[in-house]
Amino acid sequence: MAIIEAKGLSKTYQNAVKEAGLAGALKHFIKPVFTEIKAVSDVHLSINPGETVAYVGPNGAGKSTTIKMLTGFLKPSGGQIKINGMDPYHQRLENTKHMGVVFGQRTQLWWDIPVSESFTLLRDIYAIPPKRYKENLAWLSEMLGLTPFMGSSARKLSLGQRMRADLALAFLHDPSVVFLDEPTIGLDVAVRERIREFLKKINRERGTTILLTSHDLDDIRDVCDRLVVIDRGTIIYDGKLQALLDQCVRCRTMHLRLTSDGEEFAKKIGKHANLEVIASGPSEASIEFDRFALSAKDIINLANTTGEVIDFRIDEPDIERVIKNVYEGKLDISGNRGHV
Amino acid sequence: MRAALKKYWRHTALAMQETLAYRVTYIVNVFSMVVTYTVIFFVWSAVYAGNPDLDGYQWQEMKSYLIVSLFLSSLVSMSSEFRISRQIRTGNIAVELLRPADYQKASLSITLGYSISEGVLIAIACLGFAFITGATVIPQNALTWLLFIVSVLFSMATKFLMVYVFGLVSFWTTSLMGISWLRRGLTDFFSGALIPLALFPSTLRTITDWLPFKAIVWIPASVFTGRLYGRALTRDFAVAFIWIVVLWFLGRLVWKAAMRKVTIQGG
C-alpha cells in the first residue's frame, strides 16, 4: 500500500488585483478584486514505503505548494491526500507523529539556547522512549557529525551545521516518511555530499520514505530512484530517473571544430528540424541532434558543405540538460505522462 | 497525560533558558520598569501631598497597590507577543505546526517560562521598592496569601490569552505595532494599572466589572491589600474564571480563522 497517496490534488490561491498608483490602491481598499491562480492542478502521486522520490520543477512550478499540502500545512482546494492512511490537514497532530519535515530555509532550532536543548524538546514532544532516543541521538550525531556544536547556541552555527542539526531533528523520532524541501540549498560541496550519504543510508537501513525537492541535480541522481517533474502546476514526468535518461539518449550533442566560420554554418543548418545549434564560434559549433533521425555522419556531411570538419567529440546527455529539456517541453515524454 | 505534561513543561524549561541567555535584555527590561514606576510613584505621592485620603485609599495602601501593580504588569511581558508575531511574519510558524504539539498550549507554556524567570527578578525589584518606599500593607494571613497566588495565576492566564489573541491578529495585519499598542492601552486603563478601579466613576466601574481586564491587575492587587474579600471576591473570581474560559475558546476560534487565511493566501 502506498504511504503517500494524492489524488486529483489541486490548489488555487487568491491573488489581489491592484491597479497601479494611489487610485488603484484606494480602489482595492474599497472593493478588493481577486483573481484565482492555480498553483497546483490535478496532481496524482502514489509513493510506496521505502521509495526515494525527487520532486523537481522550475521556480514557481508548484513544488513547495505540493509539499505544504502533503505535510498538512495547507488545505488543498481539491483532491485527496493520504499519508500513512491519514488526511494530513484534518488529522494534522496525529499525522505529524510519523512524519519528519525539513524546510531548507527554516529551522526547528531554538535560536539562543544550546542545540542539544532543541533535541530534548523534540524528545518530549514526540514522547520518544529514553532508550530509543539515546540510540537515535548517538547514531544521528555520528552520521552527521553533530557532537562538536551540540553545546553551542543555534545562532552561532554555520549554515551547514544548522542544516545537519535540522536533518537530525527531522529523523529523531523514527518517522516513516520525511519531506525535505531544498535540504541542500546554499551548502558547500562537502556538506552536500555528507547529507546525501546520510539520506541514502537512512533510507537503506531504516526504510524511511523520502520525498525531496532540490535544484541540485547531484542530490537527485545520487539519492533518488524516482523522479517526478512538475511544471506550471501539473506533473509532466513521473518515472524512473534512469528511464528518462535512457529515453533522452536520443538527443546527443556533437562538438565540431571547423576550418570555416562556425556561425555561418550555424545559420545555414539552424533551421533543420531534428537538430539545434546550441553554441557556435569562429571555428567551432556545438549541435544537439536527435540520433534516431540523424546520424553523426549526417551532421559531418552537413558541416562539410560549408567547410571541413577537423575534429569532433560527442557528449552523452547529462541529467541537467535532460531535465531542462523536460521543462522546456522539448522532449517527447508522452509515454510517461500520468504514469504511476 | 504524563507525556503531555512533560511535552509542554519542556517548552517552559526552554523558554526559561532563553530569557537567561539574554542577560542584558532581561536586566534592562526590569530596569525600565523600575524607572516607569518611580515616575508613577512620585506622581501619586504629589497627589497625596495635599490630602491623605483619596476615596478611602490611604497613601500606605496605595504604595502597596502600586508595587503589586508593577509586579503584575511586568509578568507576562511583551516577549510572548513578539514571539507569536515574529513566527507569523517569518513563516516559521510552519515548523511548529508540523509537530504533534498544540500551538496554543505550547505558547502558554513558553509564556509561563518567560514569566517564571522574569518574575523572580521583578519580585526582587519589587521587594527593594517596598523596602525603600516603606510600603507596609501586606496580606495578614495564610488564606489571603493563597487567594493572592490564585489571583496572580488568573492574572497571568487572562493576560496571556489576550496577548495570544492579539498576537494572532498579525496574521491579518502582518505588523504587530498598532495591535500591541491597542492591547496595552486597553489593558493599562481597564485593569487598574494606572489608576485603581475604585477611583473610577461608578458607570465606568460597572463596565470594568464585566470586562476581563480587571483580573490582570486590580483583583490581585486588591486581594493583596485586603480590600477585596468575601462575596465581592467570589464574584470577581467567578467573572475572571469565565473570561479565561471564553478567551481560551476565542483563541481557538481566531486560530482557526487564521489557519483558514493561510490556506487561502498561502503560507
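For this structure, a couple of remarks:
- When the helices of chain B are scored as -39500 (n - 2.57) per DSSP H run of n ≥ 4 and the total is divided over every residue, the value at 222 nm lands at -27000 deg cm²/dmol.
- Since only B:LEU20, B:ALA94, B:ILE67 are under comparison, the one whose Cα sits farthest along the positive direction of the charge dipole of region B:2-261, derived from C-beta charges on Lys, Arg, Asp and Glu, is B:ALA94.
- Convex hull volume of the C-alpha atoms in region A:1-145, normalised per residue: 192 Å³.
- Residues A:ARG232 and A:ASN274, FRET efficiency given R0 of 25 Å [Cβ-Cβ distance, rounded to 0.05]: 0.40
- Per residue of peptide B:90-98, the mean number of Cβ atoms on other chains within 10 Å of the residue Cβ is 6.
- When peptides B:246-255, A:179-188 are ranked by their average number of other Cβ atoms within 10 Å per residue, the highest-first order is A:179-188, B:246-255.
- Cα convex hull of chain A - mean projected area over all directions, nm²: 23.3
- Shielding by partners, peptide A:120-128 (average Cβ within 10 angstrom, other chains): 6
- Phi to ³J(HN,Hα) by Karplus 6.51 cos²θ - 1.76 cosθ + 1.60 over region A:296-311, Hz, x for Gly, Pro: 4, 5, 4, 5, 5, 4, 4, 5, 5, 6, 9, x, 10, 7, 8, 7
- Choice from B:ASN92, B:ASN29, B:ASN51 with maximal GNM fluctuation in chain B (Cα, 10 Å cutoff): B:ASN51
- Taking a ≥ b ≥ c as the square roots of the eigenvalues of the Cα gyration tensor, an a/c ratio of 1.5 or more together with a/b larger than b/c marks region B:121-267 as prolate.
- Region B:58-108 and region A:32-56: distance between their alpha carbon centers, rounded to Å: 38
- Net charge dipole, chain B: roughly 1060 debye, given to the nearest 20, about the Cα centre with Cβ charges of +1 for Lys and Arg and -1 for Asp and Glu.
- Compared with the dominant Cα axis of chain B, that is its longest principal axis, helix B:78-90 is turned about 20°.
- Reducing region A:159-211 and region B:4-42 to their Cα centroids gives an inter-centroid distance of 36 Å.
- Computed E for B:LEU250/B:ALA49 - FRET, C-beta separation, R0 56 angstrom, nearest 0.05: 0.80
- Ordering of B:16-22, B:32-38, B:191-197 by burial proxy (mean other Cβ atoms within 10 Å per residue, highest first): B:191-197, B:16-22, B:32-38
- 3J(HN,Hα) from dihedral phi, region A:2-19, Karplus parametrisation 6.51/-1.76/1.60, rounded to Hz, x for glycine, proline: 5, 8, 10, 9, 10, 10, x, 5, 8, 9, 10, 9, 9, 10, 5, 9, 10, 7
- Net charge of neighbours whose Cβ lies under 13 Å from the Cβ of A:PRO282, counting Lys and Arg as +1 and Asp and Glu as -1: -3
- Distances between placed amide hydrogens fall under 5 Å for A:PHE34 paired with A:VAL17, all partners being 5 or more residues away or on another chain.
- Charging the Cβ of each Asp and Glu at -1 and of each Lys and Arg at +1, and nothing else, the dipole of the protein assembly as shown about its Cα centre rounds to 1840 debye.
- Its Cα gyration tensor gives region B:2-261 an equivalent ellipsoid, and the semi-axes of that ellipsoid, as √(5λ) in whole Å with the largest first, are 32, 20, 18.
- Computed from Cα atoms, the angle from the helix A:159-171 axis to the main principal axis of chain A rounds to 60 degrees.
- Per-residue shielding of B:15-25, expressed as the average number of other chain Cβ atoms within 10 Å of the residue Cβ, stands at 2.
- Cα-only radius of gyration and Dmax that characterise region A:72-231, units Å: 15.6, 47
- Close amide-amide hydrogen proximity is noted between A:ARG291 and A:CYS251, A:ARG252, each under 5 Å apart and 5 or more residues distant or on a separate chain (H modeled in the peptide plane; Pro and chain starts excluded).
- Sequence-distant residues sharing a close amide H with A:VAL101 (under 5 Å, placed H): A:PHE179
- Reported to the nearest whole Å, the Cα centre-to-centre distance from region B:139-216 to region A:104-145 is 38.
- The value of relative contact order for chain A, using C-alpha pairs under 8 Å at least six residues apart, is 18 percent.
- Karplus-derived 3J(HN,Hα) values for region B:33-46, using 6.51 cos²θ - 1.76 cosθ + 1.60 with θ = phi - 60°, are 5, 4, 4, 3, 6, 4, 4, 4, 4, 5, 4, 5, 5, 5 Hz; glycine and proline are entered as x.
- The convex hull around the C-alpha trace of the protein assembly as shown, projected and averaged over every direction, spans 36.7 square nanometres.
Values quoted throughout were computed directly from the atomic coordinates according to the rules given, and no laboratory measurement underlies them. These figures come from a predicted structure and were not determined experimentally. As a convention, Cβ positions derive from the backbone with ideal geometry for all residues, glycine included, and neighbour counts pool all protein chains shown.
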